[in-house]
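Q: Just dropping this structure here.
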Amino acid sequence: MFEHRTVLLKETIDLLGVRKDGVYLDCTLGGGGHAAMILESLGETGLLIGLDQDSVALENGRKRFSGHRNVRIVKSNFRQLDRVLEDLGINGLDGVVFDLGVSSPQLDEGERGFSYHQEAPLDMRMDRSHPLTAREVVNTYSRQDLIRILKEYGEERWAERIVEFILEGRKERPLETTGDLVEKIRQAIPAQVRREGGHPARKTFQALRIEVNDELGALKEALEKAVLALKPGGRIAVITFHSLEDRIVKEYFRTQVQGCICPPEFPVCVCGRRPLLKLVNRRPVAPDEEELKENRRARSARLRVAERVQDQ
């Protein structure tokens with residue numbers, strides 16, 4: 001069973017402003033929390049489209065929403081949302097939801113390799129039909145590429161030292177499991193640092209997961225496509241779980257709420273640029289104390305919402 005506690009659920013649905021006859025796209029169906037609440041607000045003419053690349057989440061979604069006629073569930077990476085909408089004959093959306101990151105079931109299923117707490121093959125694929133695994137990254141990538149990934153995607157201060165231990169380890173035999181990798185990370189990070197912070201493997205595992213699934217590249221591509229698919233007045237809601245994702249969303253929204261980009265010395269505008277979005281919440285919404293008590297994994301969640309203001 002794909003059981004996942006949806007973060008910032010009420011806040012997301014409230015800010016999305018669901019209309020009874022609207023067409024909504026849930027780009028990360030997961031456990032179906034956002035989808036279920038959107039469906040509660042839809043009338044007979046409304047439509048919900050749910051995307052996910054995880055087969056277990058899709059199976060759960062099809063079972064959970066089997067009694068609803070106004071639901072379409074599709075296996076797809078959200079970076080291909082434009083193709084999905086075209087295939088379904090949808091030419092405008094009233095709302096889009098992204099709930100990013102790895103879900104609780106993916107973390108809790110040991111064999112997926114997402115968790116540094118459980119012994120499992122080094123996999124980390126959200127879509128198991130995808131060829132690239134964490135095992136291949138760890139055992140075949142160059143020193144320079146591994147350091148880059150750990151620094152950029154994990155913001156790991158001990159990246160170079162961790163990579164050196166990985167390289168030495170894979171000379172003897174390939175690193176096959178999460179335990180193999182955790183052991184190299186423990187050896188690389190000084191004992192005092194390990195005692196002071198959280199789990200020493202957290203940032204490395206995050207970095208590898210992002211690389212395996214091209215999460216940041218997919219997000220950048222999907223944000224633009226989602227906004228272009230919105231009708232004027234339609235809203236996009238994005239929940240992020242680490243600073244890299246949030247920075248991408250914040251920067252994209254910032255560029256799209258900007259109007260004229262002519263130099264300030266120009267007496268009149270010649271660029272003709274008009275804002276594509278307006279911010280619904282200027283500061284990201286974070287979980288309140290009650291939600292944090294119930295779900296520790298929600299602590300880093302941030303919600304940003306924007307509204308489409310014009311046609312292209």
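The values are calculated or read from the model by the stated rules, or taken from the named source; none is laboratory data. Being a predicted model, the structure only gives us computed values, none of them experimental. Cβ placement follows ideal geometry from the backbone for every residue including glycine, while neighbour counts extend to all protein chains displayed. Remember, those area values only see protein heavy atoms, side chains included, never the ligands or the DNA or RNA. Shrake-Rupley method; radii C 1.70, N 1.55, O 1.52, S 1.80 Å.
Q: Using a probe of 1.4 angstrom, how much of the accessible area of the stretch 180-274 is carbon and sulfur, in percent?
A: On the way: 2310 of 4580 Å².
The computed percentage sits at 50.
Q: Determine the per residue accessible area of the stretch 144-260 with all protein chains present and a 1.4 angstrom probe, expressed in square angstrom.
A: Accessible area per residue, the stretch 144-260: 46 Å².
Q: Applying a 10 Å radius around every beta-carbon, put 296-306, 255-265 in order of their mean neighbour count, most first. All intermediate terms of the calculation are to be shown ahead of the outcome.
A: Details: 296-306: 19.1, 255-265: 11.6.
Ranking, from highest mean packing down: 296-306, 255-265.
Q: Tell me the label only: which of (i) 20.0, 66; (ii) 25.7, 90; (iii) 21.0, 68 is Rg and Dmax of the Cα atoms in Å as calculated from this structure?
A: (iii)
Q: Pull out a ≥ b ≥ c, the square roots of the eigenvalues of the alpha-carbon gyration tensor of the stretch 5-77, then state rounded if a/c is under 1.5, prolate if not and a/b is larger than b/c, and oblate in the remaining case. Don't skip to the answer; put the middle values down first.
A: Values: a/c = 1.81, a/b = 1.26, b/c = 1.44.
Oblate is the answer for the stretch 5-77, as a/c is 1.5 or above yet b/c matches or exceeds a/b.
Q: Only helical DSSP H runs with n ≥ 4 go in: add -39500 (n - 2.57) per run for the chain, normalise by residue count and round the 222 nm mean residue ellipticity to 500 deg cm²/dmol. Walk me through the intermediate numbers first.
A: Details: 14 runs with 138 residues, N = 312.
Computed ellipticity for the chain at 222 nm equals -13000 deg cm²/dmol.
Q: In whole Å, how far is the Cα centre of the stretch 168-222 from that of the stretch 269-312?
A: 30 Å
Q: Right, here's the next one. Straight-line reach from residue 293: which lysines have a Cα under 25 Å away, not including same-chain ones fewer than 8 places off?
A: Cross-link targets: 10, 203.
Q: In addition: Pop out the carbon and sulfur fraction of the accessible area of the stretch 1-152 as a percent, whole number, probe 1.4 Å.
A: Details: 3210 of 7040 Å².
Carbon with sulfur: 46 percent of the solvent-accessible area.
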